[in-house]
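J.: Quick one: the structure is below, questions incoming.
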Amino acid sequence: QAVEKYIHAGLPANAEALLLIETDGAKELAEKEINIIKDICSQLNSTQLRVAKDETERETLWKVRRSLSQAITRISPTKINEDITVPRSKIPDLISKLSELADKVNLPIVNFGHAGDGNIHVNVMTDKNNKEEYARALGAVDEIFAICLNLGGTISGEHGIGLEKARYLESEVGKTGIDLIKRVKAAFDPNNILNPGKITPEGV
């Protein structure tokens, strides 16, 4: 809905999700794949199926995806963007649980990403100038990672751990994993001069 208001691409207002699939290769092979995809979508009761007939229509569909980040800022001025990945078969469960979480914290949660590898960008929409609301949004992040790990996923699919996710790392890899990270770091950096103290207080 946010994207449709932003770029007017003719998206159905009642759609709960959109899946963008692209085929390539020789024309005959690409058309065969398109027909297979159409059959699968029909079997799964998709509400609408659009096939780009030329480069202009293809670009319109891709514009939908590229406009997402800008479009959702119209929902709320601040977005907390997390980058998680679950097994592809668990994407429906993930989206369902994130919808429940959105209701629980009473904040919009917008999800988009790369269904082909299970990588979903989870955006908690909030206003950082509203301290109570922003605190709820930050609390939702803890639950997002817990949901992800319970589904057999990882807390980062593309963007890495970094400083912000360091405190969540042990919940995924365990104490044994943290110990292994320390040992690898020590092997390559015995003097602890490469970014010390970024992951653990001990200096990793």
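The values are calculated or read from the model by the stated rules, or taken from the named source; none is laboratory data. The shown structure was predicted, so the numbers you read here are calculated from the model rather than taken from an experiment. As a convention, Cβ positions derive from the backbone with ideal geometry for all residues, glycine included, and neighbour counts pool all protein chains shown.
J.: Can you tell me which of 193, 155 is in contact with a helix residue (DSSP H, G or I) (Cβ under 6 Å, 6 or more places away or on another chain) and not assigned by TED's automatic domain parsing to the domain that holds residue 122? Don't jump to the end; show me each part of the working.
T.: Values: 193 fails: in contact with a helix residue (DSSP H, G or I) (Cβ under 6 Å, 6 or more places away or on another chain).
Going through 193, 155 in turn, the sole match is 155.
J.: Now for a separate question. Consider residue 23 against the criteria (1) part of a helix (DSSP H, G or I); (2) of a type outside the set (Phe, Trp, Tyr); (3) within 23 Å of the chain's Cα centre (by Cα): it satisfies all of them except one. Which criterion is unmet?
T.: Residue 23 satisfies all of (1) part of a helix (DSSP H, G or I); (2) of a type outside the set (Phe, Trp, Tyr); (3) within 23 Å of the chain's Cα centre (by Cα) except (1).
Quick grid of which residues meet (1) in contact (Cβ under 8 Å) with a residue 12 or more places away in the chain; (2) surrounded by fewer than 20 Cβ atoms within 10 Å (Cβ to Cβ):
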residue	(1), (2)
116	yes, yes
122	yes, no
154	yes, yes
176	no, yes
180	no, yes
187	no, yes
192	no, yes
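J.: List pairs: first residue in the stretch 25-48 and on the phi > 0 side of the Ramachandran plot, second residue of a type in the set (A, V, I, L, M, F, W, C) anywhere in the structure, Cβ distance under 8 angstrom, at least six positions apart or on different chains.
T.: From the stretch 25-48, no pairs qualify.
J.: Shifting gears a bit: Take the residues of the stretch 84-100 that are surrounded by fewer than 18 Cβ atoms within 10 Å (Cβ to Cβ) and not charged (D, E, K, R): which is nearest to residue 117 (Cα to Cα)?
T.: Taking the candidates together, the pick is 87.
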